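Here's the structure, in structure tokens; my notes come after.
The values are calculated or read from the model by the stated rules, or taken from the named source; none is laboratory data. Note that the coordinates shown come from a computational prediction; the quantities given were computed from them, not determined experimentally. Backbone-built Cβ (ideal geometry, glycine too); neighbour counts: all protein chains shown. Surface accessibility is based on the protein's heavy atoms, side chains included, excluding ligands, DNA and RNA. Shrake-Rupley method; radii C 1.70, N 1.55, O 1.52, S 1.80 Å.
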There are 2 protein chains.
Amino acid sequence: MLFDMIEDTEQKGTIFSELDEDILLNFIEEMKLDDIVGVLESLPSDDVADILGKLPEKKANAILKKMKKEGSEEIEGLLSYEADTAGGIMLPDFIAMSEKTTAGQAIESLQKEYMDVEMPFYLYVVDEYGKLAGVSSLRQLVVVSPDTPLKDFMSTDIFSVQTDTDQEEVAKLVARYDILAVPVVNDTNELVGIVTVDDVIDIIREEATEDILKMAGAGGEFVETQSVFKSMRIRLPWLFASCIGGIIAFYVIGRFEGSLNRFVYLAAFIPVIMGMGGNIGTQSSTIVVRGLAMGHLNLRDIWSVVFKELAVGLILGLIYGTIIGLAAQAQYSLVFVALSVGLAVFCSMSLAALVGSLIPMLFARINIDPAVATGPFVTTAMDIISVFLYFQIATTLLGI
Amino acid sequence: MLFDMIEDTEQKGTIFSELDEDILLNFIEEMKLDDIVGVLESLPSDDVADILGKLPEKKANAILKKMKKEGSEEIEGLLSYEADTAGGIMLPDFIAMSEKTTAGQAIESLQKEYMDVEMPFYLYVVDEYGKLAGVSSLRQLVVVSPDTPLKDFMSTDIFSVQTDTDQEEVAKLVARYDILAVPVVNDTNELVGIVTVDDVIDIIREEATEDILKMAGAGGEFVETQSVFKSMRIRLPWLFASCIGGIIAFYVIGRFEGSLNRFVYLAAFIPVIMGMGGNIGTQSSTIVVRGLAMGHLNLRDIWSVVFKELAVGLILGLIYGTIIGLAAQAQYSLVFVALSVGLAVFCSMSLAALVGSLIPMLFARINIDPAVATGPFVTTAMDIISVFLYFQIATTLLGI
């Protein structure tokens, strides 16, 4: 196949690490074990762990056995952490030296021992117990006199994360402080790896994609490259929420059959009321979900955010309630119908802004991903509420 | 104010560069010119250019005049590029040396001349005309013998971008190749700046946020920290699209008043038909918009993507059309009503998947941001089409 024509194993490795899961599995299925091992050995161990994590366990173990002893231990270590934690994404090769090492010794040892380090941005300084004590940039090494010990010029103002820190938190830290790598420590503050900025970029892109797809009820991972059936299976359950919502709406409207029988044109306004409520609700929940993800909004500000959204909903509800009420009056010249429609738009938009901002906030507070909870649920709930409100208002105002 | 209590001007600078536009303007309004200049001088020039770009031109010019000559020239240079191009986000201080410089001379000059470089990842090598010829990492410098000229060990396999390259393209390049900085060249291939990985992270986050908000019809920038009125103003026009759509739906349903008069329960199924079409359409358009942004989908594959979405729409339409048709039959026991509802769900879902994937693809092809075009437009168009289809099918089947 085409892949065989690429001679450089490193290039093969790069292609490997960029492939989608499905395609990768097919690929590896067709390759000889020795060839797979050859390609994987050219990759940094965090990428290998990533690829092995996607393979069936049996296959992964066979590959691990074949790989050079040293590398495979490192990878096995990585595989023991959850994939989306600092431990799962960290690179286990980093530069660490003791506090007493001098700048001159450090430069020498960089030239000898640390030639293989993939991302040599920082030199971490550890104390006699292997605990993280400070950090120095490679640049600082060359600007101090060669006999200065690291302890004297290292920075002790250092961020670190635990092996079980969520990858999203790690990404936020790197993004906020513009650092190139974060050291990862275990329970006893021993340095065990680093998460580098290139992996953070991938995380940020992935997390944003996940959020977007979840909000649209299209699963959490990008599926376009996968099969029609897989895509269908992922999307089916989300649509089920809106199907149930729609069937509930049958019954709600069914209850008002009497009103509909007398004023049949009430039906003509169902789409506009649902549409306006749905759209403003989506705006509110999107702003909240993304605001939380970006750190612009804080869970502590829950009430100020929700009140602001409610205010926006009230104002926009008033504006569009008036416009749509007037349009209804222009078409049917029935004041009470027009009034019902306008009032229903107003209520439905205000409530949608309130619910659309409140629900993701509440979900985030009880540690449910607000992106999942938002899309199909808010939309469906709002559809039912809007329709009910509308018929209730109309029935009351028209005295039916 | 609180800000005055922070004594460290560098910290003040960092706060400055993280503030939202509105708050920053208020802040700067209240500060003395000298204080502003003091704070800005502590920041790298790309950040200063960014801040000045947000200020009214008069104020920005006054500040520029006050700043030290050297720095302000650099910043004026940056201000002349579009904000969202490589030129607008590049850092004008970088390390560049001639091909003949030896490793030893390079290290010496790093210690003397280049102490102020903010992000010293790579040493760029330029030829006698200042044109970009190659690159070396700082690490390579210390591992070759000191008298080796840069020309002998630099890598000539180097990416660069033009000053007018879109920032999103720059970000994709950095993300794809895991590099820490991209050199920016002008029309004549002269090196004029670098875009660093920390800025790329910000771009990726911003662009994702922009896409998400645009798709929800909530503007392109995050507005939650801004005022209720500003937020309202940004969201108003998007809702107008759905208002017009709703009013069109009046007329569409009005045309079928006769059918409604005879079978009033037809109204009860409007929400479920709109909801199912709307939701699957959102799924399809979200997958396409995000797939294009992430580079998973390619404009060349337009037909294969659209056909796949159509296939998903047909299958899901068949499943949910059957479920909802049966539910309608269970409630009203009128075979032709149930058949109309089921068929309408099927048609509306298939069509929504088709339209939802086709529209963003077409928009991208004619260079309109697919994210803007997608949300409110697709939803509104689909609402009207769904409702029309439904009543047309019902009228035909019921022979009204």
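Selection of first residues in the stretch B:301-326 that are within 7 Å of chain A (Cβ to nearest Cβ) and farther than 24 Å from B:Ala268 by Cα and of second residues that are crowded, with 22+ Cβ neighbours inside 10 Å and basic (Lys, Arg), restricted to Cβ pairs under 9 Å at least 6 apart or on distinct chains, gives the following pairs, ordered by first then second residue: B:Val312/A:Arg235.
Residue-wise test of (1) at the interface with chain B (Cβ under 8 Å from one of its Cβ atoms); (2) buried (at least 22 other Cβ atoms within 10 Å of the Cβ); (3) touching a Gly at 6+ places or on another chain (Cβ under 8 Å).
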residue	(1), (2), (3)
A:Leu260	yes, yes, no
A:Gly277	no, yes, no
A:Val288	yes, yes, yes
A:Gly291	yes, yes, no
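Residue-level analysis places A:Val345 outside the set of residues that are touching a Ser or Thr at 6+ places or on another chain (Cβ under 8 Å), open to solvent by less than 40 Å² (accessible area, probe 1.4 Å), in a helix (DSSP H, G or I) and facing chain B (nearest Cβ under 9 Å).
Going by what's in this entry, would A:Val170 be described as modelled with pLDDT under 85, within 13 Å of another protein chain (Cβ to nearest Cβ) and open to solvent by less than 50 Å² (accessible area, probe 1.4 Å)? Break it down into steps so the answer makes sense when it comes.
On the way: modelled with pLDDT under 85: no; within 13 Å of another protein chain (Cβ to nearest Cβ): yes; open to solvent by less than 50 Å² (accessible area, probe 1.4 Å): yes.
In short, no.
Looking at the structure I just gave you, is A:Ile270 out of contact with any helix residue (DSSP H, G or I) (no Cβ under 6 Å at 6 or more places or on another chain), within 7 Å of chain B (Cβ to nearest Cβ) and surrounded by 21 or more Cβ atoms within 10 Å (Cβ to Cβ)? No, not satisfied. Here the helices (runs of 4 or more DSSP H) wholly within the stretch A:78-158 that include at least 3 residues being surrounded by 18 or more Cβ atoms within 10 Å (Cβ to Cβ) are A:86-89, A:103-112, A:138-143.
Within the stretch A:178-203, being within 14 Å of chain B (Cβ to nearest Cβ) and among the polar types (S, T, N, Q) holds for one residue alone: A:Thr196. Of the residues making up the stretch B:34-46, just one is among the acidic types (Asp, Glu), surrounded by fewer than 21 Cβ atoms within 10 Å (Cβ to Cβ) and under 22 Å from B:Gly193 (Cα atoms), namely B:Glu41. Taking each residue of the stretch B:235-249 that is in a helix (DSSP H, G or I) and looking for partners that are open to solvent by less than 10 Å² (accessible area, probe 1.4 Å) and among the polar types (S, T, N, Q) with beta-carbon atoms closer than 7 Å, six or more apart or interchain, yields B:Arg235/A:Gln283.
The set of residues in the stretch A:170-213 being touching a residue at least 60 places away in the same chain (Cβ under 8 Å) and of a type in the set (Asp, Glu) consists of A:Glu190, A:Asp198, A:Asp199, A:Glu207, A:Glu210, A:Asp211. If the condition is being surrounded by fewer than 19 Cβ atoms within 10 Å (Cβ to Cβ), facing chain B (nearest Cβ under 8 Å) and at pLDDT 80 or above, then the stretch A:204-228 contributes only A:Val228.
Across the stretch B:348-373, what is the total count of residues that are surrounded by fewer than 18 Cβ atoms within 10 Å (Cβ to Cβ) and either part of a helix (DSSP H, G or I) or facing chain A (nearest Cβ under 10 Å) (or both)?
Residues of the stretch B:348-373 surrounded by fewer than 18 Cβ atoms within 10 Å (Cβ to Cβ): B:362, B:365-369.
Checking the rest, the ones that are also either part of a helix (DSSP H, G or I) or facing chain A (nearest Cβ under 10 Å) (or both) come to B:362, B:365.
Here the count works out to 2.
Cβ-Cβ distances below 8 Å connect the following pairs, each with a first residue in the stretch B:92-112 that is away from every other protein chain (no Cβ under 13 Å) and among the basic types (Lys, Arg), a second residue that is open to solvent by less than 40 Å² (accessible area, probe 1.4 Å) and assigned to a helix (DSSP H, G or I), and a separation of six or more residues or different chains: B:Lys100/B:Leu150. Apart from one condition, B:Ser242 fits all of (1) under 30 Å from B:Ala83 (Cβ atoms); (2) polar (S, T, N, Q); (3) within 8 Å of another protein chain (Cβ to nearest Cβ); the exception is (1).
Within the stretch B:327-342, the residues that satisfy the criterion of being on the phi < 0 side of the Ramachandran plot, surrounded by fewer than 24 Cβ atoms within 10 Å (Cβ to Cβ) and either outside any helix (DSSP H, G or I) or not hydroxyl-bearing (Ser, Thr, Tyr) (or both) are B:Ala327, B:Gln329, B:Ala330, B:Gln331, B:Leu334, B:Val335, B:Phe336, B:Val337, B:Ala338, B:Leu339. All conditions but one from (1) of a type in the set (Phe, Trp, Tyr); (2) under 22 Å from A:Val200 (Cα atoms); (3) away from every other protein chain (no Cβ under 14 Å) apply to A:Tyr129; the one that does not is (2). Scanning the stretch A:374-391 turns up no residue that is at pLDDT below 90, more than 20 Å from A:Ala249 (Cα to Cα) and open to solvent by less than 10 Å² (accessible area, probe 1.4 Å). Being over 37 Å from the mean Cα position of the chain (by Cα), surrounded by fewer than 24 Cβ atoms within 10 Å (Cβ to Cβ) and either more than 8 Å from chain B (Cβ to nearest Cβ) or within 21 Å of A:Phe346 (Cα to Cα) (or both) is the filter here; which residues of the stretch A:248-258 pass it? A:Arg255, A:Phe256, A:Gly258 - these are the residues of the stretch A:248-258 that are over 37 Å from the mean Cα position of the chain (by Cα), surrounded by fewer than 24 Cβ atoms within 10 Å (Cβ to Cβ) and either more than 8 Å from chain B (Cβ to nearest Cβ) or within 21 Å of A:Phe346 (Cα to Cα) (or both).
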